[in-house]
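The values are calculated or read from the model by the stated rules, or taken from the named source; none is laboratory data. Predicted, not measured: the structure shown is a model, and the values here were computed from it. Note: ideal-geometry Cβ built from the backbone for every residue, glycine included; neighbour counts use all protein chains shown. SASA here: full protein model, heavy atoms, side chains in, ligands and nucleic acids out. Shrake-Rupley method; radii C 1.70, N 1.55, O 1.52, S 1.80 Å.
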Amino acid sequence: MRTTFYSCIAAIGIILSCCCLFSCKKIQNSPYVTIGYVLINDSLYQTTDVPLHMGDTLYMGLLLQGYDATLDYFQINVDRTAFKDSICGDSTELADIFSPYSQPEKGHYLFKPNITTVRAVWALTPRYEFTNQEKPYQVDMIIKSNATAEETYNPFTRSFLVSPPDTTSVKPNK
């Protein structure tokens, strides 16, 4: 009698587990932006709070991850009156990753279907020499996937500062 009872309970447990595994599977990992390295021209920096002079180019190695979820979009918010930015790479490879509906001039990149992970290099150059600029510029990188993570985690935002150079310490050449 007990064997039959426990067998029935075990069978019901297996059936419910299988139903949950196959019908309730939802992707809950939030997407993530990892900054692998920061270069100014050819010098490696250990921080993202870096001074940027006219003629410098900041390169940032990025890893955009959706984990098991596919990536929807990647948005870069930066003061485009002060900076010019772009995702660097071979145009054919970038066309395989990003939708033609992307708007790189606005920092808005739409992913093609089934893209879950992207390695990219982002470049930032100043449009003019900063003078009398005291506050650093904020850069926000926002990534969204089709994961069902809570709204506070999807989209995910990574922010950092780009500092104007300290013009008080720069002496003009005479």
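Details
- A full extension of the chain between A123 and E105 corresponds to an added length of 5.2 nm, given 0.36 nm per residue minus the alpha carbon distance.
- At q = 0.19, 0.20, 0.22 Å⁻¹, base-10 log of I(q)/I(0) for the range 44-174 (Debye sum, equal scatterers on each alpha carbon): -1.10, -1.19, -1.36
- Three-way shape call for the range 92-167 based on the alpha-carbon gyration tensor, with the a/c threshold at 1.5: oblate
- Here's the picture: a label point sits 7 Å out from the Cα of A82 along the beta-carbon direction, and within the range 99-140 the residues with their amide nitrogen under 13 Å of it are 125-140.
- Between D56 and E150, the simple spin-label model (points 7 angstrom out along Cα→Cβ) gives 3.8 nm.
- Measuring nothing but protein heavy atoms, the accessible surface of the range 50-163 at 1.4 Å probe radius is 49 percent carbon and sulfur.
- Prolate/oblate/rounded label for the range 35-97 (Cα gyration tensor, a/c 1.5): prolate
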